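The values are calculated or read from the model by the stated rules, or taken from the named source; none is laboratory data. Model, not experiment: these values are computed from the prediction. Cβ atoms come from the backbone with ideal geometry, glycine included; neighbour counts cover every protein chain shown.
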Amino acid sequence: MAPDADLQHLEVLDKANAILTALEHGERSANEVSEQINEPISTTYRLIRTLLSLDWISHGSARGLYRVGLQAMAAGSAFVDTLDVRELLSPLLLHIRDTTLLTSYLCLPSGTHGVCIERHAGHGVRLLALTVGGSMPMSSGSGPAAMLAAMPPQDADEIMDQLGVRGDQRTTLKQRLAGYHERGYIVSDGDATRGVASFGAPIFDHEGRVAGSVSAGGLRDSVIGNARLADLIIETSRYGSELLGWKGTDGQAH
């Protein structure tokens, strides 16, 4: 195949991908898609007809509207099914540990708790509050609490009810959770283990739901005020979410 033909095919694929991206967040008309992808309406209609024939897009709920088709959804589902969260994110945890010499953690949500599925021990103090396979209430620590902070308020309140977090304790916890929305990460300062602190941030999946959290901790003096650690946690949260298919525009999905 000639190089010019290859380039032309790549351009067509790029335009088709732009249409699918435009339809990710809901139904659109051909005119709306044309404006969003910055292509002439005639080109947009031609691409839409092709994608309709392949079932990558389908007709919407009203005449003239289009939405993502079954083939695109099936491909996305197959991609998600093949993901191994631990395998994907373990290198990121190692980078945090090697850069900061602190212990790094990967937790997944399980009911009212965060379960540690990966841990890379840092240097110095031996932290035993959360080991691989162990769990911690989402009201404690930084990783579990980061998942709670990023959930829709109604879901977070339900978890706090189930954990029995009420009164002044609930007020204090909500103030701590608010820190995530202010700076992009949660601080744990002695609430899980005396003299130990950590920073944690949530990870989101392709639908913007809380899929887990990354965190790192150690002796208080090595964590509190550690701007480099804060940046690493935020960067890892974002990149880890992108690896799971998240396409948010900032550090928060909600």
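Worth pointing out:
- Long-range neighbours under 7 Å by Cβ, at least six apart or interchain, first residue in contact (Cβ under 8 Å) with a residue 60 or more places away in the chain and surrounded by fewer than 19 Cβ atoms within 10 Å (Cβ to Cβ) within the stretch 47-66, second in a loop (DSSP other than H, G, I, E, B) and not small (Gly, Ala, Ser): none
- Subset of the stretch 132-158 (residues that are touching a helix residue (DSSP H, G or I) at 6+ places or on another chain (Cβ under 6 Å) and farther than 16 Å from Leu106 by Cβ): Pro137, Ser139, Leu148, Ala149, Ala156
- The set of residues in the stretch 104-118 being surrounded by 23 or more Cβ atoms within 10 Å (Cβ to Cβ) and either out of contact with any strand residue (DSSP E or B) (no Cβ under 6 Å at 6 or more places or on another chain) or among the acidic types (Asp, Glu) (or both) is empty.
- Scanning the stretch 146-174 for residues that are touching a residue at least 40 places away in the same chain (Cβ under 8 Å) and exposed (fewer than 15 other Cβ atoms within 10 Å of the Cβ) yields Pro152, Gln162.
- Candidate set from the stretch 177-218 (those that are under 22 Å from Thr131 (Cβ atoms), out of contact with any Leu (no Cβ under 9 Å at 6 or more places or on another chain) and among the aliphatic types (A, V, I, L, M)); member that is surrounded by the most Cβ atoms within 10 Å (Cβ to Cβ): Ala201
- In the set (1) within 30 Å of Val115 (Cβ to Cβ); (2) modelled with pLDDT of 90 or more; (3) outside any helix (DSSP H, G or I), the condition left unmet by Leu83 is number (2).
- Sole residue being over 23 Å from the mean Cα position of the chain (by Cα) and at positive phi, chosen from Gly195, Gly245, Gly208: Gly195
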